[in-house]
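Just so it is clear, none of the values below were taken in a lab; they were calculated from the coordinates. Keep in mind it's a predicted model, so treat the numbers as computed, not measured. No Cβ is skipped: glycine too gets one built from the backbone with ideal geometry, and neighbour counts run over all protein chains shown.
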There are 2 protein chains.
Amino acid sequence: MEGAAGGIGLDELQLAARNHGMPLELLREEVTPIGLHYLLTHYDIPAVDPEAWRLTVGGRVAAELSLSLADLRRREPLEVVATMECAGNGRARLEPRPVSQPWLLEAVGTGRWRGVPLRSLLEEAGVLAGAQEVVFAGLDHGIENGVEQDYARSLPLEEARRGDVLLAYELNGVPLPPQHGFPLRLLVPDWYGMASVKWLSRISVVEEPFAGYQQEQGYRLRREPDDPGEPLTRIYPRALMIPPGIPDFMSRERTLAAGPCRLSGRAWSGWAPVAAVEVSVDGGGTWREAELAAPGELGRWAWREWWYRWEAPAEGRHALMCRASDEAGNRQPDEPVWNVGGYVNNAVQRVIVTVTAPGG
Amino acid sequence: MEGAAGGIGLDELQLAARNHGMPLELLREEVTPIGLHYLLTHYDIPAVDPEAWRLTVGGRVAAELSLSLADLRRREPLEVVATMECAGNGRARLEPRPVSQPWLLEAVGTGRWRGVPLRSLLEEAGVLAGAQEVVFAGLDHGIENGVEQDYARSLPLEEARRGDVLLAYELNGVPLPPQHGFPLRLLVPDWYGMASVKWLSRISVVEEPFAGYQQEQGYRLRREPDDPGEPLTRIYPRALMIPPGIPDFMSRERTLAAGPCRLSGRAWSGWAPVAAVEVSVDGGGTWREAELAAPGELGRWAWREWWYRWEAPAEGRHALMCRASDEAGNRQPDEPVWNVGGYVNNAVQRVIVTVTAPGG
């Protein structure tokens, strides 16, 4: 892999040691096995007693709800296979590097989430006139830039009422693991992961835009520090490649034998279906369209496989690249676009490979 | 947290993004949930077809074996709850920092492993006279310091014949996750994790000491580069503390209210039972003995809980520390002991906490 990311400090290393990405060879799996999905935890992973736990739904509703896990499991379930990505994916490739969790490219994963549609609970509680947003608060508690807080985020009411927004109690067929929000998390398909509040405890319907830290200060796209910025919402397109060949332990650079090589990976966008994936095997000099799988049984919230037949030439060092565009007209930039928080850096991946003579 | 670990480079960051530690609040769990156990993968996580996979046992044996997963699952199983730690845990605290996976303190976990005792297979194959070691090779393949290799390690014959050395096919009651060695791994309780070869494919009984890369070059304790060094084997004692209070997102420093505070954590040693855990609440000025749980039902290969009642004084910043010793006379050093590969740095943990006035 190429690119700058030197001089990572202790704060960033502590975050990198706690949080983890999906090793890119796992792009081979449609659904990411538990323990390999990316994970970002703002504070500590809370210990929650599922017997004592309740979800409350309150605020501008006709009837407040207080629900146990058993109450939720008795309702009509919905399953959604969704690709989730951290809004900070790619941050460590920006220069100067915004100091936070130093993601390279691995902050992604696809889960088979099962739970109750949020919409059905909002209908049951009865959203009152004047309601604007729905606020979700988790049990994870800590301090960020001097502000003590439960992690909390809101959704506009129309997003909260989408049929695919889940209150998930299962991942890949088992109860939510502690690190993914046990016993219940919000799951907002197509949005960056910050929206999908873990360890969910309280849902409040409100009349004013939510001004909590993670809405007003965190997770905004700012071009300069004084810029109030735009809130992050949906995931911009990205294609990633399974690094071909075998890795060097330290540099992670790849070696493979000359000859036919199937390059493949997955691509996604939260704005619209992926329109095309292109591949370059000469460092971006020329691009060719890759084959793209149909959306298939995973459904419309999951990444799609792509592949490209490369005839790896006899010898040499090559920069392999891939890039996606979506039907809304979004396409990955060749170079990172800097911003204060280090968000949405979906610049194209470069995989450096050394091709050796066959049998060499 | 205090201490030096600045200037992490891209190579180290790439490793940190792939591998992950156990967030220290998970010390509250006797057995580490899947996805939170530490993980170090030298090359790529292999994709293994369990139907085609076979384990071969060969070399200096009377009868070679070739076993399917079903063959192994039909045998008398053994379950071992074992604490595993990476030999490189603590590496990023050394100065100058050896460049490799930059662990701070989190490279540990405890699993409930189930499988077949290695001893029973060795007996079945019939180890011949003259045998010295048993070599274990995995399906993970890559390049390290210019050497292309399958990851492979050996055990002296007497260690391989210990009754607690497992060929594990389950972790915490489910089939081994891909990242922990699916479909089969070696599990050597009490030894650093490098001995517990994942994605196990071949077992060979040999007459000469194994000279593979991970035995002769990697995982040796060298005081200087020309020193041939000593091989790493058993885990030196360590106590870790659940960081009390709540964290700051970026610095991970802790804040808690004045008053009674139960400090607790777990301690382990691969050399002998833990003899004592001591706690300092004044940065190492004075030490007091903590309470230490009996080995209990987890058995002798698992960490043991400790706790200490601290009356957090009205205000101020404090360095909390803990240290373990074992019945073989090993004790944690106050300061790191440097070595070329950055191994076995079991210097005491320091947790920085700020105590606020009650209700403040």
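Give me the tail of P(r) for the stretch B:238-356 as a percent: Cα-Cα pairs with distance above 26 Å.
For the stretch B:238-356, the share of Cα pairs beyond 26 Å comes to 23 percent.
Helix-derived [θ] at 222 nm for chain B: sum -39500 (n - 2.57) over DSSP H runs of at least 4, divide by residue count, nearest 500?
Using -39500 (n - 2.57) per qualifying helix, the result is -2000 deg cm²/dmol.
Students often get this wrong: which residues of the stretch B:45-77 have the backbone nitrogen under 19 Å from the point 7 angstrom along Cα-to-C-beta of B:ALA129?
Backbone N within reach: B:59-63.
Choose one of B:ALA62, A:VAL337, B:PRO209: the residue whose Cα lies farthest towards the positive end of the charge dipole of the protein assembly as shown (beta-carbon charges +1 Lys, Arg; -1 Asp, Glu; about the Cα centre).
B:ALA62
May I ask for the net charge around A:LEU171, where only other residues with Cβ less than 12 Å from the Cβ of A:LEU171 are counted and Lys, Arg are +1 while Asp, Glu are -1?
My count for the surroundings of A:LEU171 gives +2.
Taking R0 as 22 Å, what's the FRET efficiency between B:ASP334 and B:GLU311 from their Cβ-Cβ distance, rounded to 0.05?
For R0 = 22 Å, the calculated efficiency reads 0.35.
With +1 assigned to the C-beta of every Lys and Arg and -1 to the C-beta of every Asp and Glu, and no other charges, what is the dipole magnitude of the protein assembly as shown about the Cα centre in debye, to the nearest 20?
It works out to roughly 640 debye.
Between B:VAL174 and B:GLU29, take the C-beta separation as r, use R0 = 22 Å, and let me know the FRET efficiency to the nearest 0.05.
It comes out at approximately 0.85.
Given the alpha-carbon gyration tensor of chain B, what are the semi-axes of its equivalent ellipsoid in whole angstrom, ordered largest first, with each equal to the square root of 5 times an eigenvalue?
38, 22, 19
Measuring nothing but label to label, 7 Å from Cα along Cα→Cβ, what are A:GLY130's distances to the other copies in nm, shortest first?
Inter-copy label distances (nm, one decimal, shortest first): 9.2.
What is the extension gain from B:MET250 to B:ASP227, computed as 0.36 nm multiplied by their sequence separation minus the C-alpha to C-alpha distance, in nm to one decimal?
Between B:MET250 and B:ASP227, full extension yields 4.3 nm more.
Go through B:PRO175, B:ALA290, B:LEU232 and say which Cα lies farthest out towards the positive end of the charge dipole of the stretch B:160-314; charges sit on Cβ, +1 for Lys and Arg, -1 for Asp and Glu.
With unit charges placed on the Cβ atoms, the residue in question is B:PRO175.
Over the Cα atoms of the protein assembly as shown, Rg to Rh with Kirkwood Rh, two decimal places?
0.96
Top mean-square fluctuation among B:ARG323, B:ARG60, B:ARG185, Gaussian network model of chain B, C-alpha springs under 10 Å?
The residue with the greatest mean-square fluctuation here is B:ARG60.
Hey, got the dipole for the stretch A:238-356? About the Cα centre, +1 on K and R Cβ, -1 on D and E Cβ, debye to the nearest 20?
The dipole magnitude comes to about 180 debye.
Based on Cβ point charges of +1 for Lys and Arg and -1 for Asp and Glu, what charge dipole magnitude is obtained for chain B about its Cα centre, in debye rounded to the nearest 20?
Using only the charged Cβ atoms, the result is roughly 580 debye.
Could you work out the mean count of beta carbons from other protein chains within 10 Å of each residue's beta carbon in B:252-260?
2
For a Förster distance of 25 Å, can you work out the FRET efficiency between the beta-carbons of A:GLU207 and A:VAL147, rounded to the nearest 0.05?
For A:GLU207 and A:VAL147, the calculated efficiency is 0.60.
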